[in-house]
Amino acid sequence: MPVKKMRKVLSLPDSLFHWLTMASALMIIVLMISFFAQLLWYSLPSIREFGWGFVLSQEWDPVRNLYGAAGAIYGTLVTTLIAMLIAAPLSFGIALFLVEFAPPYLSRVLGQAIDLLAAVPSIIYGMWGLFVFVPIMQKHVQPFLADTLGLKALPFFSGPQMGFGLLTSGIILALMILPFISAVMRDVFRMVPPVVKESAYGTGATTWEVTADVTTRYGMQGLLGALFLGLGRAIGETMAVLFIIGHVQQVSFSLFAPGTTISATLANNFAEAEGISKSVLFELGLILLVISFLIQIAAQYWLNKVRRSTGGGL
Amino acid sequence: MRKRGLFFRKSMDLSVKIISVLASLLGVLFLLWILFVVFKMGFKTFNWDFFTQPTKPYGVPNGGIANAIIGTVIITSGAALMGVPLGLLGGIYLSEFARSTKLGNVIRFSANVMMGLPSIIVGLFVYIILVYTTKHFSGFAGSVALAIIMFPVILRTTEDMLAMVPNALRESALAIGTPRWKTTLDILFRAAKGGLITGVLLSIARVSGETAPLLFTALWSNSWPLSYFSEPTANLTVSITEYATNSPFESMQLRAWGAALLITAAVLILNITCRTIFREARR
């Protein structure tokens, strides 16, 4: 029944109920607008002081009160890119295994395990990264990449091997978003109607051909949505990278170099920040909010399209 | 499809199969490794003091994390008290009054977007509205931050669960003159009970491991959580952060592992419980 007609027949308690539930639901929009409004308001001093140069400057000098966001933005983008490069193909493989290759019981057990792992708090990944993975990176992985493979000729793999830094953080982020992307991709694969797949199998196609030419095309927007959900998680993640990023405000082409991300800068500097430096942090928060907002809109747009064309279930 | 030899097609298929299996093995291996380390290191620290003593300043022996456990429970319960009713009511609106209206779609879309926003942003926001204005960090501010994170999650699951209740149930209740609110709260809620509880528990599991928003709101302290509304309140996740990064003492890092194990175990148990409830409710 359309709401407008219904409202006329509602009794007083019912219309109260209607308004109460509507007010609660509208809180979502109120909150969302307040996020932007409040962060913008409190970043105004910093925006006025540094202008557009803020996003391009690498300066981070609390003594002279000069700040720039380039280091943090660069670190955020690089760690997220590394995470996506690792997690995207791996989770595609995992989702494919769960839906197409694994025997049903294994698929069920593994699928539940992945759902559970997606729920493990990010600080656990951060801790494991700090105490277990950083030493391994320092002693084995970084020497292997730089010396054994001889990649240190490239600027990306040069410099001191400390274990901390952009590459390590990217890998930890990849591990964190892996179960999450896999779970959504698996659901997208499952939503492809069996009839479509079976008719492709019926023409003699191999599993890979069905996947590449039918499943993937059918669910392309869903897969994009899944990737963007993972991207959104990685880009705003704080605790998984906080311990291992190194906290140096710089743009360095070496992936072994310490860096920082927007969220790590916020978490690390907030307690000591006063006056303009606090406003700088709010502006960084605002930048992060805008970036993740756009990513989420893209993700939801694609997922909504899939939901509409297949009738929900995601 | 392009024409290719059978051998090429078969070997292509086989290599994809192998890559896919390897990817799954690699993923599972790493994730099990992480859990294994958490359990191994965490169990080492479990003893009487760990569960009964409050956190102590650096260098003081025999510290525990009892105050942080209680603090986390208080902060999370506070969040649930605010977030759950709001989320349930909002979910009712989307499912019962705005299933295909424009406003409903906008709210639904916004809730999905909000679920994906970084939690640190919520922390900053609550810092501005509660900590900055009142001039002190508090456990309550932490609860508000977590409630904001829970809200869209509960809203969406409530809507999905209520939408699964067959319309015949609504119609028969309304036909005998039951008011709309009573139909929803008495009949639909009862029909969707399993799903609703699942949604609430999952959202609690999700926020109980949150750290970033608490860094800006609840902070942490070494005392027992007595002033929830006016002082920094001890909690597990921020304690882990403090102990893991700022402490040179190995005993404190060990305690961080203990706290990490507690949080992980709690989250996993909540998740498993939900899945069991939901599967039984569906039967």
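The table below gives the values:
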quantity: Computed magnitude of the charge dipole of region A:21-160 (debye, nearest 20; Cβ of K, R +1, Cβ of D, E -1); calculated: 80 debye
quantity: Sequence of B:Arg156, A:Arg308, A:Arg108 once ranked by neighbouring C-beta atoms within 10 Å, starting from the fewest; calculated: A:Arg308, A:Arg108, B:Arg156
quantity: The protein assembly as shown - charge dipole about Cα centre, Lys and Arg +1 at Cβ, Asp and Glu -1, debye rounded to 20; calculated: 2000 debye
quantity: Residue (of B:Ala163, B:Val153, B:Ser208) at the positive-pole extreme of region B:78-282, dipole from beta-carbon charges; calculated: B:Ala163
quantity: Most mobile of B:Leu202, B:Leu32, B:Leu215 in a GNM of chain B (Cα contacts under 10 Å); calculated: B:Leu32
quantity: Chain A: most fluctuating residue of A:Ala23, A:Ala264, A:Ala102 per GNM, C-alpha cutoff 10 Å; calculated: A:Ala23
quantity: Cβ crowding within 10 Å averaged over residues, with A:109-117, A:250-258 ranked highest first; calculated: A:250-258, A:109-117
quantity: Unit charges on C-beta of K, R, D, E only; dipole of chain B, Debye; calculated: 1420 debye
quantity: Two-decimal ratio, the protein assembly as shown, of alpha-carbon radius of gyration to 2.2 N^0.38 Å; calculated: 1.00
quantity: Positive minus negative residues near A:Lys197 (Lys, Arg vs Asp, Glu; Cβ under 15 Å); calculated: -2
quantity: Positive minus negative residues near B:Leu262 (Lys, Arg vs Asp, Glu; Cβ under 14 Å); calculated: +2
quantity: Proximal charge balance of B:Ile187 [Cβ under 13 Å; K/R count +1, D/E count -1]; calculated: +2
quantity: Normalised per residue, the volume of the convex hull around the Cα set of region B:78-282 (Å³); calculated: 132 Å³
quantity: Shielding by other protein chains, B:152-158, mean Cβ within 10 Å; calculated: 1
quantity: Proxy reagent accessibility, fewest Cβ within 10 Å first, across A:Asp147, A:Asp187, B:Asp49; calculated: A:Asp147, B:Asp49, A:Asp187
quantity: Charge dipole (chain A, unit charges on Cβ, about Cα centre) - positive-most of A:Ala273, A:Val192, A:Leu96; calculated: A:Val192
quantity: Residues A:Met191, B:Met114 arranged by fewest to most Cβ contacts within 10 Å; calculated: A:Met191, B:Met114
quantity: Averaged over A:235-247, number of beta-carbon atoms from partner chains that fall within 10 Å; calculated: 3
quantity: Contact order normalised by residue count of chain A, Cα under 8 Å, 6+ apart, percent; calculated: 27 percent
quantity: For chain B, built as a Gaussian network whose Cα springs stay under 10 Å, the top-fluctuating residue of B:Ile92, B:Ile197, B:Ile19; calculated: B:Ile19
quantity: Whether region B:219-283 is rounded, prolate or oblate, judged on the alpha carbon gyration tensor where a/c under 1.5 counts as rounded; calculated: oblate
quantity: Dipole axis of the protein assembly as shown (+1 Lys, Arg; -1 Asp, Glu on Cβ), positive-most option in A:Gln112, B:Val28, B:Leu185; calculated: B:Leu185
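Bear in mind these aren't lab numbers, they're just calculated from the coordinates by the rules spelled out. For clarity, every value in this text was computed on a predicted model and none was experimentally measured. Please note: Cβ atoms are built from the backbone with ideal geometry, for glycine as well, and neighbour counts cover all protein chains shown.
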